[in-house]
1. Could you rank the peptides 257-270, 58-71 by their average count of other C-beta atoms within 10 Å per residue, with the highest value first?
2. Taking the Cβ of VAL245 as the centre, find all other residues whose Cβ is under 9 Å away and add up their charges (Lys, Arg: +1; Asp, Glu: -1).
3. Between the helical axis of 280-303 and the dominant principal axis of the chain, each derived from Cα atoms, what acute angle in degrees is found, rounded to the nearest 10?
4. Counting every Cα pair in the chain, what percent are over 40 Å apart?
5. Just tell me which lysines come within less than 17 Å, Cα to Cα, of LYS116; anything on the same chain fewer than 8 places away is out.
6. Principal axis extents for the range 322-384, Cα atoms only, whole Å, descending order, please.
7. In straight Cα distance, which lysines are under 29 Å from LYS9, not counting same-chain residues fewer than 8 positions off?
8. Determine the sum of side-chain charges near GLN217: Lys and Arg each +1, Asp and Glu each -1, restricted to other residues whose C-beta is under 13 angstrom from that of GLN217.
Amino acid sequence: MANDEKNKKYSKETQMIYGLAHSTKWDYDHHVVPPITASATYRLDSAERGAQGFIEFANTSNETKRKQPILIYDRLGEPNKDILEENLAFAESGECAVTYSCGMAAISAVFGILTKSGDDIIAHRTMYGCTYSLLTNWYPRYNISVQLLNLHDLDMLVNAITEKTRVIYFETPVNPTLTLLDIEGIAEIVRKINGMRPEDEQISIVVDNTFATPYCQRPLELGADIVVHSLTKGIGGFGTDMGGVVIGPERYRDLLLLYRKDFGGVLSPKAAWPVLVYGLPTLSLRVQRQIETSMRIAEHLERHPKVRSVSYPGLPSFPQYELAKKQMRNYDGEFAPGTLMYFTLKSDSPQESRDKGEALINYCADNAYTITLAVSLGHTRTLIEHPGSMTHSSIPADEQVKRGMDPGGVRLSIGIEHPDDIIRDLDEALSQI
Ligand SMILES: *Cc1c(COP(=O)(O)O)cnc(C)c1O
């Protein structure tokens, strides 16, 4: 069946299990599951064919897309990640995808292809700790300026954009506070400004969609230009391998491939394979279950006398509930508020808040069967962590508070366990603090 026909007939969820009916990346028509590949280099048959392979690499045309690639060397391309890329682009409604060794490699590739010395990056002020470190410790050394703003304030954004601005970067939901940024609102502003600029001065909106996963939110459908993911998280889902991906318009494919060829950061086929075979095909199933459980746990925590606040986009009390309902939608158009929450405990001072958060986490680490103290997220297992001292420790403590984080804030990433068991373990831990 031709791919277009199939796209119309079957749901996205089903197609994420089967992938493209006809991948030109590799002939696995007779394998039900694509074989894991393990060849660093490829036999080229003749000097002419080798030369042709180098001509075709990162030189995408309609013709090269239709035929099997001439495989040369793993760092340039190989079947497992090439097939995975087709399926990831499909899951995010993007034209093309290029994978990397981890989320940070994908994020640095995006900045790498979109900026050069003298340019300016605008990013939301709260984000994953390593992205913050990348932007604040490294880009200034390359004479790329970085403005960290509160992107909830769209007027401030308009005022901050200069003729040097090339990228607007943010996560939504924001890690770890779970506040949302309005993708369509930001896209509308940028579209207007881009309309008055020449091609080489256009601003790209890049969204890190790791928290939501494409099951809950597809930023490209809402006006973003590029999406990045840590495949290590929800898409990989089982927590066995690291990976990253950039998804966006076809015109960036060759640059992204060249960047990967020259800077490295290649996704290993042995890491691409589990995402292709286990992660992506079960994404919908896992996230549906995780959303149901998250909703129950968020409601439970909100009612708990020791809890001060719960930030979960699915709660009617969530300050941006309307925005959540607008932009967090699954493939069937249903509200899909994600699988993460952030909560704080009642306390009389920031120090007490921090002590209580730590006590809760330590109790879970020692006693809870269904709640594991670990960073990362989107796992089959429920994970708990303290962003202030762990994932976001590269942001100074006083800066954390300015960015909306609470010194005692606890981040919970819901797994696929029975919800009653997670609630029982949480209640027991809360009763001890
Ligand atoms: C984990 C994470 C990253 C980095 O991904 P790695 O695969 O660990 O390199 C980037 N952004 C967000 C939101 C993340 O949670």
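1. Working: 257-270: 18.1, 58-71: 13.3.
Descending packing order for the listed peptides: 257-270, 58-71.
2. That sum, taken over residues with Cβ under 9 Å, equals -2.
3. Result, in degrees: 10.
4. Working: 17106 of 93528 pairs.
Cα-Cα pairs of the chain separated by over 40 Å account for 18 percent.
5. LYS164
6. 41, 29, 15 Å, listed from the longest principal axis down.
7. LYS25, LYS65, LYS67, LYS81, LYS325, LYS326
8. On the way: positive: ARG218, LYS325, LYS326, ARG329; negative: GLU92, GLU171, ASP182, GLU184, ASP208, GLU221, GLU334.
So the environment of GLN217 carries a net charge of -3.
The values are calculated or read from the model by the stated rules, or taken from the named source; none is laboratory data. This structure is a prediction, so every number in the text was calculated from the model and none was measured. Positions of Cβ are generated from backbone atoms using ideal geometry, with glycine treated the same way; all protein chains shown enter the neighbour counts. Each accessible area value is taken on the protein alone, full model and side chains, heavy atoms only, with ligands, DNA and RNA left out. Shrake-Rupley method; radii C 1.70, N 1.55, O 1.52, S 1.80 Å.
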